[in-house]
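For reference, the structure is listed below as structure tokens.
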Amino acid sequence: MLAGMTSEPEQQIGVGTQDAFQRLWTPHRMAYIQGENKPSGPGADDGCPFCAIPAKSDEDGLVIARGEHVYAVLNLYPYNGGHLMVVPFRHVADYTELDGAETAELAELTKHAMTALRTASGAHGFNIGMNQGTVAGAGIAAHLHQHVVPRWGGDTNFMPVVGHTKVLPQLLADTRRMLADAWPA
């Protein structure tokens, strides 16, 4: 056991009920919990971050690569280091609304994302998918986006299970640079 740690409950004034857990404060997550940067409505002009990102520089928008119809961008609230999304430029909510060129390029950039993540970080596997609609878990349901989450053998440790916290070992700007450099030509 680490010095100063005990399995016995200790008095923790002001932080809730006594328990045997130490606390890792992650105040940056409050922005996500409170819905910061979420659109005010379903339209492209209702503050959609996926519509605003393409107007920014790649560095400021955390854009990894741009195609003709879609782009790849890091997730501001990642499940794992390197978690990115492939997003159509056009503001559509449902996968069935994509035209053939958008569908093909979304698939192609997803393949490029997997290649870049394997090259840059040695990802062993991936979770890839879309949450269609708020009831399905879409954080921004009005603008389609496909998640590409890299996974590694043993990447699940005690922090998510016991602490309900993800530990990300790299700043998003550094991850963006690493993946952009590894993106297939």
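Values in this text are rule-based calculations from the coordinates and carry no lab data. In this text the structure is predicted, and so the values were computed from the model without any measurement. Don't worry about glycine lacking a Cβ; one is built from the backbone with ideal geometry, like all the others, and counts go over all protein chains shown.
Treat each spin label as a single point 7 Å out from the Cα along the C-beta direction, and report the Asp181 to Thr115 distance in nm.
1.9 nm
If you count, for each residue, the other Cβ atoms within 10 Å and average over each peptide, how do 125-135, 105-115, 45-55 line up from highest to lowest?
Result, highest mean Cβ count within 10 Å first: 105-115, 45-55, 125-135.
Under a Cβ-Cβ cut-off of 14 Å, what is the net charge of the residues other than Pro39 that fall near it, where Lys and Arg count +1 and Asp and Glu count -1?
After counting each charged neighbour, the total is -2.
Using per-residue counts of other Cβ atoms within 10 Å, averaged over each peptide, order 139-148, 173-182 from highest down.
139-148, 173-182
What's the FRET efficiency of Tyr79 with Glu108 using the Cβ-Cβ distance as r and R₀ = 22 Å, to the nearest 0.05?
Once the sixth-power term is evaluated, E becomes 0.45.
Sticking with the crude label model, points 7 Å out along Cα→Cβ, report the distance from Glu97 to Asp174 in nm, one decimal please.
In this crude label model, Glu97 to Asp174 measures out at 3.8 nm.
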